[in-house]
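Following: one structure in structure tokens, then a few remarks.
The values are calculated or read from the model by the stated rules, or taken from the named source; none is laboratory data. Keep in mind that this is a model prediction, so the values were computed, not measured. FYI the Cβ positions are ideal-geometry reconstructions off the backbone, even for glycines, and counts take in every protein chain you see.
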Amino acid sequence: MVVTAASEVPPYLAPTAALVVAAAVVGYLSVRARVVSIVGFLLAGILIGPAQLGLVSSTEAVDAAAEVGVILLLFTIGIEFSLDRLARVWRWIVLGGGAQVLLAVGVSTGLVTASGGGWRTGLFTGFLVALSSTAIVLTLLGERGQSATTRGRLALAVLVFQDLAVVAMVVLVPLLSEDASGGTGALLRALGMAVAVVAVVLVVARRLMPPVLERVAALCSPEVFLLTVVAICLGTAYLTALAGVSVSLGAFLAGLVVSESRQSTQALAEVLPLKIIFSAVFFVSVGMLLDVGFLLGNLVLVVGLALAVLVVKTVTTTAALLPTRVGWRHALATGLLLGQVGEFSFVLLTVGDESGLSPAGLGEDGFQALVATTVLLMVLTPLLATAGNRLLAKAPPDEVGPGAPEPEAEGDWADHVVILGWGADSVDLGRDLRARGVPVVMTTLNPAGVAAAERAGVPVVTGDSTRSAVLDLVGVARARLVVIAEDEPEQATRVATVVRDRSQAPVLVRSRAGADLPGLSEAGVEHVIDPGATTRDRMFAAVMRSLDLPRHALPVRDRQSRTHVDTTRLVLVPVPTGSGCTHAAASVPVLPTSWGCEECLRGGGDWVHLRLCLQCGHVGCCDSSPERHARAHHAEHDHPLMASAEPGETWAYCFVDDVTFDGPQR
């Protein structure tokens, strides 16, 4: 291992820093301007590229990172899609995707030949034009939450076939050379190998991978799980590349492998942060290829080529999808979405250059013309997608024909209870809520917890509750109540913090090892349950109160006529500045230690009103009560602050300074 001297700057650091900083700054500005982040990344690449500012002159490391970004992107898409969903759209893949590639190649070849080019150049150009950008289309659909829509499935079906077609194209392009040899035999061998690889991967997906991931997940180690998932992704992509299949298809197949496991949600949540970083690098790297000087000097040519490609891709995609009976609006909207040139066209461009071929026979200018056209159409893709959205908004509900797959119901929870974490009380709570007609979903990383929830009939998602992707899948933003059942106080606080960022629902925490009340209060938690002093029926009672369900669902002791305190309610009353109280530090988050006056309950007495100590949670009776236990508690323990525990009252009082103040009691 070589250690660089402190006075030396590693040669890779400047371009890497320029790339990441430019992506972050331009990405931030594009989001502030409500421009799709992909466009911002492309613009950042154009800005720092070798032909402009030259902040990044060597693109070798950037290209490698960009390829990893594409691999991770296709891997996550494979996880989200699954073999079952893939089977539902196989007709769209074979018929729609196949027709799109054939039509786009045929029309492009005809146009180039009619313009005076040879048929070899025309066919090569057709290959370049036929491919769309998997990365930008799927990223755009994901950002807008449209991956599961009819148009999203149509686009993915066509893109899957295009990735399959790349295998044949890579073999065919060298055969277009004047002195090529190998012919049909080489093509058939490549296609046979591709089919064999796909078959092996699918068998592994069904048989081997689920139990492997189950064993890894049982370790409950996020680090080992992440490494295993990334190893599956990169390992499958590498093996498929050795077999002559594109790495993008290999990564997609690896995602399908993982999707067959119950750990697919957690795998997706672990990989998403990596995918976001590397995908950003990919779009920056595409922008870096553009020479703005060439674009300005050949503006008419580039705009003409971009319009020609857009028309060819839109028309051929629309025509290819019409026979699938999805309706002309969905077909046209998908055509607009797939109207750009794809990233794998650059792979074909490299292969073609080695065989003496260039796009449209333009020679040295062909590469820059393709890059400029690609970047221009990628920048326009969000606008074309928006045009498609407006077109679909006018479509009648029954326009999609019987050939379309059924919409996905998973993740459509609303007005429900989310239980984050596993335990016997969590499963019992889920079962009780479902028995009362309350929709509920649970998350846990523990395979035993998943099995227990499934036996109890409680819907469960395998995943880490601190991952935003997992919380989004269970609809935490639309939840009626969130229950956090974590054994470790620090983990409960972390989960609560992530939940509060994504939901305004009440949050109830059960922590076995003693709760971090200040941390939970800061995270916005309303209720905390101490299992050491609170039985399961009290937990259920707290949930029923939070859901405002009928009083008869509460335990008998909670149906008494006199006022009682909710012992799960986390209370914090800040002392306002200028209130005259000099004991603000004594007010901390507390849980009431009893549902009534502790001394009165022990002695069999009664009370008029209840007061809560803001330093320890002691519940005592007021000065109008016979024993005045709240004041006695202050005198014995020197706790200066108390607050009214009566319903609807939020005032507090300082015994030492003899002042009353208001505050937002929580």
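List every residue pair whose Cβ atoms lie under 7 Å apart, where the two residues are 6 or more positions apart in sequence or sit on different chains, the first residue falls within the stretch 432-443 and is over 13 Å from V483 (Cα atoms), and the second residue, located anywhere, is surrounded by 16 or more Cβ atoms within 10 Å (Cβ to Cβ) and at pLDDT 90 or above. Within 7 Å, the pairs are R434/V440; V438/V417; P439/H416.
Suppose the filter is hydrophobic (A, V, I, L, M, F, W, C), modelled with pLDDT of 85 or more, under 29 Å from V216 (Cβ atoms) and touching a strand residue (DSSP E or B) at 6+ places or on another chain (Cβ under 6 Å); does V499 pass it?
Here the answer is yes, as V499 does meet what is asked.
Listed here are the helices (runs of 4 or more DSSP H) enclosed by the stretch 1-119 that have at least 1 residues being at pLDDT below 75, surrounded by 13 or more Cβ atoms within 10 Å (Cβ to Cβ) and of a type in the set (K, R): 60-88.
Let's see how each residue does on (1) outside any helix (DSSP H, G or I); (2) free of Cβ contacts under 8 Å to residues at least 60 places away in the same chain; (3) of a type outside the set (K, R):
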site: W607; (1), (2), (3): yes, yes, yes
site: R611; (1), (2), (3): yes, yes, no
site: G620; (1), (2), (3): yes, yes, yes
site: A630; (1), (2), (3): no, yes, yes
site: E636; (1), (2), (3): no, yes, yes
site: H639; (1), (2), (3): yes, yes, yes
site: M642; (1), (2), (3): yes, yes, yes
site: E649; (1), (2), (3): yes, yes, yes
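Going through D662, D623, D606, D657 one at a time, which residue ends up being surrounded by fewer than 21 Cβ atoms within 10 Å (Cβ to Cβ) and either under 28 Å from D516 (Cβ atoms) or of a type in the set (A, V, I, L, M, F, W, C) (or both)? That would be D662, the only listed residue that is surrounded by fewer than 21 Cβ atoms within 10 Å (Cβ to Cβ) and either under 28 Å from D516 (Cβ atoms) or of a type in the set (A, V, I, L, M, F, W, C) (or both). Among the residues of the stretch 123-132, the ones that are surrounded by 24 or more Cβ atoms within 10 Å (Cβ to Cβ) and in contact with a Leu (Cβ under 8 Å, 6 or more places away or on another chain) come to 5 in all. Restricting attention to the stretch 502-520, the residues being among the polar types (S, T, N, Q) and modelled with pLDDT of 85 or more number 2. Considering (1) surrounded by fewer than 23 Cβ atoms within 10 Å (Cβ to Cβ); (2) of a type in the set (D, E, K, R); (3) at pLDDT 80 or above, the lone condition that E486 does not fulfil carries the number (1).
Consider A231 carefully, then state whether it is surrounded by 21 or more Cβ atoms within 10 Å (Cβ to Cβ), modelled with pLDDT of 80 or more and within 31 Å of the chain's Cα centre (by Cα). Criteria not met by A231.
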